[in-house]
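The values are calculated or read from the model by the stated rules, or taken from the named source; none is laboratory data. Not measured: the values here are computed from a predicted model. Quick reminder, even Gly has a Cβ in these numbers, built from the backbone with ideal geometry, and neighbours come from all protein chains shown. Note: accessible area is taken over every heavy atom of the protein model, side chains too, but ligands, DNA and RNA are not part of it. Shrake-Rupley method; radii C 1.70, N 1.55, O 1.52, S 1.80 Å.
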Amino acid sequence: VEIVDTPGLFSRHSAHNSITRDVLPDAHAVIFLLEPMKLGEAHFTEEIRHYVVEAKNSNLDRRSRHIFFIINKLDECHRIYDKLVAELEASLEGILPQPRVLGVSSYYALASRRYQRHELTLKDLQRDNHLFVPDPDSPDDFLSGRLLEERHVPLLAEQSRIADVESALSSYLENRYLYIVENVIDRTHLLCARVLEELDVE
């Protein structure tokens, strides 16, 4: 899989938007990585609708299963995550009937991966004031700082929900050609239905 990180959608530079538009037609999957506080803003709604229409046209998948929306900073916005999803779905009304929305904390995911790769130590994680994991012994409480132990580190990856993102993307890419076949069948059905209607009219 080759991942292409395009410039953001709200850049001041028109050239950045052109780069993104040029890449879209060749993309097998399009991932919109969204900042939670942008959702619901009028300018954001207008821009995201525009780009989603372009992304829909970039792929043979008629049902737009190749488009993913990932709301980042889940560690900061988990309490209002459902509200954010509702805002996004409202923004896409009339364009995508069932958008594929996932939440992720890239910060937690990166901390977890770096620990696994021995790029960070347990002390590094304990010094990080932004890391909080649920206490397995008391689910209503959170652990951070010196209370974080080695056995708690896997909870960082779990909290990040990065596995959900990886699973959704890998599942789509593995089944992509099946989806294309489905689309051909769908279009053939539509074509047959139109021909039958025309024959009925005649």
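Report, to the nearest 10°, how far helix 42-56 tilts away from the longest principal axis of the Cα atoms in the chain, using its own Cα long axis and a range of 0 to 90°. It is inclined by approximately 60 degrees. Looking at the chain alone, DSSP beta bridges between its own residues are antiparallel in about 25 percent of cases.
Backbone phi angles across the stretch 77-86, fed through the Karplus curve with coefficients 6.51, -1.76 and 1.60 (θ = phi - 60°), yield HN-Hα couplings of 10, 4, 5, 10, 4, 4, 5, 5, 4, 4 Hz in residue order; Gly and Pro are listed as x. For the stretch 27-186, a crude dipole built from +1 on the beta carbon of Lys and Arg and -1 on the beta carbon of Asp and Glu, taken about the Cα centre, is about 400 debye to the nearest 20.
Please give the length that would be gained between S167 and I180 if that part of the chain were fully extended, namely 0.36 nm times their separation in residues minus their C-alpha to C-alpha distance (nm, one decimal). Don't skip to the end; give the middle numbers.
Numbers: separation 13, 0.36 × 13 = 4.68 nm, distance 1.98 nm.
Separation in residues times 0.36 nm, less the Cα-Cα distance, equals 2.7 nm.
Counted by Cβ distance under 14 Å from R127, the other residues give a net charge of +1, where Lys and Arg count +1 and Asp and Glu count -1. Within the set [x] 17.1, 49; [y] 21.2, 80; [z] 18.6, 70, the number that Rg and Dmax of the Cα atoms in Å takes when calculated for this structure is listed as [y].
Under 5 Å between amide hydrogens, built in the peptide plane, is the criterion, and for R100 it picks out F69 among residues at least 5 positions away or on other chains. Given a 1.4 Å probe and the protein chains as shown, Y108 ends up with an accessible area of around 10 Å². Taking θ as phi - 60° and the Karplus parameters 6.51, -1.76 and 1.60, the scalar couplings of the stretch 149-154 work out to 10, 4, 5, 8, 4, x Hz in sequence order, x denoting glycine and proline.
Which angle from 0 to 90°, rounded to the nearest 10, does the C-alpha axis of helix 106-116 make with the longest principal axis of the chain? The answer is roughly 60 degrees.
Amide H to amide H distances under 5 Å link H28 with no residue, where only residues 5 or more positions off or on other chains count and H is placed in the peptide plane.
Close amide H partners of F142, meaning residues 5 or more places away or on another chain with modelled amide H under 5 Å apart, are D135. Only protein heavy atoms count here; under a 1.4 Å probe, S170 has an accessible surface of about 50 Å².
Between the stretch 66-123 and the stretch 143-202, the alpha-carbon centres lie 16 Å apart.
Note that the stretch 159-169 has calculated 3J(HN,Hα) couplings of 5, 6, 6, 5, 5, 5, 5, 4, 5, 5, 5 Hz, one per residue in order, obtained from phi through the Karplus relation 6.51 cos²θ - 1.76 cosθ + 1.60 (θ = phi - 60°); glycine and proline are x. Determine the shape class of the stretch 64-103: with a ≥ b ≥ c the square roots of the Cα gyration tensor eigenvalues, call it rounded for a/c under 1.5, and otherwise prolate if a/b is greater than b/c, oblate otherwise. Oblate.
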